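Taking it in order: structure first as structure tokens, then the write-up.
The values are calculated or read from the model by the stated rules, or taken from the named source; none is laboratory data. In this text the structure is predicted, and so the values were computed from the model without any measurement. Quick reminder, even Gly has a Cβ in these numbers, built from the backbone with ideal geometry, and neighbours come from all protein chains shown.
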Amino acid sequence: MSVVVKLSNVHKSFGPLKVLDGVSFEVARGEVVAVIGQSGSGKSTALRCINALETIQQGSIEVCGHAVHDEKLDKRKLRLDVGIVFQSYNLFPHLTAEQNIMLAPTCVKALGKKAARDIARDCLARVGLSEKADHYPEQLSGGQQQRVAIARSLAMQPKVMLFDEVTSALDPQLTGEVLKVMEDLARGGMTMILVTHEMAFARKVASQVVYMNKGKVWETGPGSMLDAPTTPELRDFVGSGL
Amino acid sequence: MTYQFDFSSLLPYWQQFAEGLWLTLQLSAISTVLGFVGGALCAIARADGPPWLQRVVGAYVEVIRNTPLLVQVFLVYFGIASLGLMVDANLAAVIALVVNVVAYTCEIMRAGIESVHKAQVEAAECLGLNRRQTYWHVVLRPAIERVYPALVSQYVLLMLASSITSQISAEELTAVANRIQSDTFRAFETYIVVGLLYLALSFVVRWAFWGFGMLVFTRRRKLGTAL
């Protein structure tokens, strides 16, 4: 199995605050990796480093052949291979769902309007929102906005998708509809790294669970690891959620 | 005290009124277009330019916003003349109005630009858009939409303030009125007419901006949000 994302001994500080303290893990093609942990454990930062939204001070990150830690990194090339979905959706408010999705294919891949619209329609269908193509973000529920954001990312056909607590702002019902879309993606073979608090989802869908604590990878294993944690910290973390 | 109104003595001057009105409209339109483009560029420079440029633009904005328009008009008109250049009063008027309105537009636009959340820019960059594309599609367009009402007010104000350029004998509506009232000695009637003409022009300008906004900002049109 080929490795798509590889973090080796990554260190990152914000000023005096050490956020990542030697983080290492690997993600193979088609794998779904769930990164879990308390708030402040560094999991979101780790995810953002993979997409060069944060720079690291030490260690290396390889993503689809790009050396992300390298100062000479071409961020735009990296981001052709990596899609990211944020907790706060970040849809462009002045554009319809369809236009939101069409923007990157027309700007970045220089596709014509028609080709881009076909892609947008296709991606909206994949997240089950074909009938909302002409709606503006403010006319959509949080769950629908997040699905459009996923579709927007999908439209660029990334090799890896990152999900940064994408359901944290949603109620259980809307969370369910977003998770279903993500499950479909996983089943379709998409390589995914998700930072999440949805333990049930991690247990069910993830091929690998990474538990982070105090800026370190504390424990890692298959989804079933959550049923039998070895470290007391993970036991506490999982136990507190039940 | 009784005052006998006599508007009939102004009738022979209708053509001059019309010409003045036309020139006012032209001055305002040209200054608005140039002011918008210049103001947008200054706003970008002030919000995201190199530090030295931010300071230069900042200083310019503060100087303009804290000095009277009339003084600026005189400075431009007599300043250019003292350089030994012959300058048409109308041209000097346009230059002064543009210099003035660029500063105000800059501040309004900067407020719009700064209201766009950093996460929006981050999202655009993560989709692979370059700086220029991000700026145009994700920052500037929503920013302009957001501050459009403030811009419209500013440009209506500009149209009204163009009357000040009558002081350097730009042949706009107020200058025409000054001349007519000294010909007819019917000052009250003349300025009533001129006042009504400005009022009508304001309505027309506001209506035109509203129509333009509806055309350009499709979201506002579709969602029925007021402009």
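Table: residues versus (1) aromatic (Phe, Trp, Tyr); (2) out of contact with any strand residue (DSSP E or B) (no Cβ under 8 Å at 6 or more places or on another chain); (3) modelled with pLDDT under 95.
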residue: A:Pro16; (1), (2), (3): no, yes, yes
residue: A:Ser39; (1), (2), (3): no, yes, yes
residue: A:Gln57; (1), (2), (3): no, no, yes
residue: A:Ala67; (1), (2), (3): no, no, yes
residue: A:Glu71; (1), (2), (3): no, yes, yes
residue: A:Arg76; (1), (2), (3): no, yes, yes
residue: A:Val82; (1), (2), (3): no, no, no
residue: A:Phe92; (1), (2), (3): yes, yes, no
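Within the bounds of segment A:80-90, is there any residue that is under 28 Å from A:Ser44 (Cα atoms) and either more than 13 Å from every other protein chain (Cβ to nearest Cβ) or among the charged types (D, E, K, R) (or both)?
Yes.
Assess whether A:Met102 counts as being at pLDDT 95 or above, more than 9 Å from every other protein chain (Cβ to nearest Cβ), crowded, with 17+ Cβ neighbours inside 10 Å and not in a helix (DSSP H, G or I).
On the way: at pLDDT 95 or above: yes; more than 9 Å from every other protein chain (Cβ to nearest Cβ): yes; crowded, with 17+ Cβ neighbours inside 10 Å: yes; not in a helix (DSSP H, G or I): no.
Against the criterion (at pLDDT 95 or above, more than 9 Å from every other protein chain (Cβ to nearest Cβ), crowded, with 17+ Cβ neighbours inside 10 Å and not in a helix (DSSP H, G or I)), A:Met102 does not qualify.
If I filter segment A:181-192 for residues that are acidic (Asp, Glu), part of a helix (DSSP H, G or I) and touching a Gly at 6+ places or on another chain (Cβ under 8 Å), do I get at least one hit? Before you say what the answer is, go through the steps one by one.
Step one: list which residues in segment A:181-192 are acidic (Asp, Glu), which gives A:183-184.
Pick out the ones that are also part of a helix (DSSP H, G or I) and you get A:183-184.
Pick out the ones that are also touching a Gly at 6+ places or on another chain (Cβ under 8 Å) and you get none.
No, segment A:181-192 contains no residue that is acidic (Asp, Glu), part of a helix (DSSP H, G or I) and touching a Gly at 6+ places or on another chain (Cβ under 8 Å).
Inside segment B:113-201, counting only helices (runs of 4 or more DSSP H) that do not spill past its ends, which hold 3 or more residues that are touching a residue at least 40 places away in the same chain (Cβ under 8 Å) and away from chain A (no Cβ under 14 Å)?
Details: elements: B:118-126, B:131-134, B:141-161, B:173-184.
Fully inside segment B:113-201 and qualifying: B:141-161, B:173-184.
Out of all the residues in segment B:54-110, which are surrounded by 12 or more Cβ atoms within 10 Å (Cβ to Cβ) and of a type in the set (Ser, Thr, Tyr)?
B:Tyr60, B:Thr67, B:Tyr77, B:Tyr104, B:Thr105
Determine, yes or no, whether A:Val68 is crowded, with 19+ Cβ neighbours inside 10 Å, without any contact (Cβ under 8 Å) to a residue 60 or more places away in the chain, away from chain B (no Cβ under 13 Å) and touching a helix residue (DSSP H, G or I) at 6+ places or on another chain (Cβ under 7 Å). Let's see the steps before the verdict.
Working: crowded, with 19+ Cβ neighbours inside 10 Å: yes; without any contact (Cβ under 8 Å) to a residue 60 or more places away in the chain: yes; away from chain B (no Cβ under 13 Å): yes; touching a helix residue (DSSP H, G or I) at 6+ places or on another chain (Cβ under 7 Å): yes.
Considered against the rule, which asks whether it is crowded, with 19+ Cβ neighbours inside 10 Å, without any contact (Cβ under 8 Å) to a residue 60 or more places away in the chain, away from chain B (no Cβ under 13 Å) and touching a helix residue (DSSP H, G or I) at 6+ places or on another chain (Cβ under 7 Å), A:Val68 comes out as yes.
Given the structure, is A:Gln87 farther than 21 Å from B:Val139 by Cβ, touching a Ser or Thr at 6+ places or on another chain (Cβ under 6 Å) and at pLDDT below 95? Before the answer, list the steps.
On the way: farther than 21 Å from B:Val139 by Cβ: yes; touching a Ser or Thr at 6+ places or on another chain (Cβ under 6 Å): yes; at pLDDT below 95: yes.
For A:Gln87, the condition - farther than 21 Å from B:Val139 by Cβ, touching a Ser or Thr at 6+ places or on another chain (Cβ under 6 Å) and at pLDDT below 95 - is met.
Looking at (1) over 24 Å from A:Leu95 (Cβ atoms); (2) surrounded by 21 or more Cβ atoms within 10 Å (Cβ to Cβ); (3) out of contact with any Phe, Trp or Tyr (no Cβ under 7 Å at 6 or more places or on another chain), find the lone condition where A:Leu154 falls short.
(1)
Pick out the one residue from B:Ala123, B:Ala161 that is under 23 Å from B:Gln26 (Cβ atoms) and in contact with a Leu (Cβ under 9 Å, 6 or more places away or on another chain). Walk me through how you get there before you give the answer.
Working: B:Ala123 fails: under 23 Å from B:Gln26 (Cβ atoms).
Among B:Ala123, B:Ala161, only B:Ala161 is under 23 Å from B:Gln26 (Cβ atoms) and in contact with a Leu (Cβ under 9 Å, 6 or more places away or on another chain).
Across segment A:76-100, what is the number of residues that are closer than 30 Å to B:Met214 by Cβ and of a type in the set (A, V, I, L, M)?
So the count comes out to 3.
I need a count of the residues in segment A:191-242 that are among the acidic types (Asp, Glu) and free of Cβ contacts under 8 Å to residues at least 24 places away in the same chain.
First, pick out the residues of segment A:191-242 that are among the acidic types (Asp, Glu): A:198, A:219, A:227, A:233, A:236.
If we keep only those that are free of Cβ contacts under 8 Å to residues at least 24 places away in the same chain too, we end up with A:219, A:233, A:236.
Going through segment A:191-242 one residue at a time, the tally reaches 3.
Across segment A:3-20, what is the total count of residues that are small (Gly, Ala, Ser) and either within 11 Å of A:Gly42 (Cα to Cα) or touching a Pro at 6+ places or on another chain (Cβ under 6 Å) (or both)? Lay out the reasoning, then the answer.
Looking only at segment A:3-20, we keep the residues that are small (Gly, Ala, Ser), and these are A:8, A:13, A:15.
Retained after the next criterion (residues that are either within 11 Å of A:Gly42 (Cα to Cα) or touching a Pro at 6+ places or on another chain (Cβ under 6 Å) (or both)): A:13.
Final tally of qualifying residues: 1.
Select from segment A:40-76 the residues that are among the small types (Gly, Ala, Ser) and not in a loop (DSSP other than H, G, I, E, B) and list them in ascending order.
Step one: list which residues in segment A:40-76 are among the small types (Gly, Ala, Ser), which gives A:40-42, A:44, A:46, A:52, A:59-60, A:65, A:67.
A:Ser44, A:Ala46, A:Gly59, A:Ser60, A:Ala67, listed by residue number.
Scan segment B:165-205 for residues that are of a type in the set (Asp, Glu) and within 14 Å of B:Ser9 (Cα to Cα) and jot them down.
Taking segment B:165-205 and keeping what is of a type in the set (Asp, Glu), we get B:171-172, B:183, B:189.
Scanning segment B:165-205 gives B:Asp183, B:Glu189.
Could you grab me the full set of residues in segment B:121-133 that are surrounded by fewer than 21 Cβ atoms within 10 Å (Cβ to Cβ) and either out of contact with any Ser or Thr (no Cβ under 9 Å at 6 or more places or on another chain) or more than 20 Å from A:Leu78 (Cβ to Cβ) (or both)?
Result: B:Glu122, B:Asn130, B:Arg131, B:Arg132, B:Gln133.
Can you pull out every residue in segment A:42-65 that is buried (at least 20 other Cβ atoms within 10 Å of the Cβ) and over 25 Å from A:Glu183 (Cα atoms)?
Residues satisfying the conditions are A:Ala52, A:Ile56, A:Ile61.
With (1) touching a helix residue (DSSP H, G or I) at 6+ places or on another chain (Cβ under 6 Å); (2) of a type outside the set (D, E, K, R); (3) within 14 Å of chain B (Cβ to nearest Cβ); (4) farther than 18 Å from B:His137 by Cβ as the list, and A:Leu111 as the residue in question, which single condition is left unmet?
For A:Leu111, the exception is condition (4).
Here is a list: B:Ile80, B:Ile30. Which entry is among the β-branched types (Val, Ile, Thr) and modelled with pLDDT of 95 or more? Reasoning before the result, please.
On the way: B:Ile80 fails: modelled with pLDDT of 95 or more.
Matching residue, one of B:Ile80, B:Ile30: B:Ile30.
Do you know which residues across segment A:77-91 are of a type in the set (A, V, I, L, M, F, W, C), assigned to a helix (DSSP H, G or I) and over 17 Å from A:Lys6 (Cβ atoms)? Outline the logic, then answer.
So in segment A:77-91, the residues of a type in the set (A, V, I, L, M, F, W, C) come out as A:78, A:80, A:82, A:84-86, A:91.
Within this subset, residues satisfying the condition of being assigned to a helix (DSSP H, G or I) are A:78, A:80.
Within segment A:77-91, A:Leu80 is the sole residue that qualifies.
Considering only residues that are touching a residue at least 24 places away in the same chain (Cβ under 8 Å), more than 19 Å from the chain's Cα centre (by Cα) and more than 30 Å from B:Ile144 (Cα to Cα), which ones fall in segment B:1-47?
B:Tyr3, B:Phe5, B:Asp6, B:Phe7, B:Ser9, B:Leu10, B:Tyr13, B:Gln16, B:Phe17, B:Glu19
Among the residues of segment A:118-153 satisfying the criterion of being in contact (Cβ under 8 Å) with a residue 12 or more places away in the chain and within 11 Å of chain B (Cβ to nearest Cβ), which is nearest to A:Asn51 (Cα to Cα)?
Among them, the one singled out is A:Ser153.
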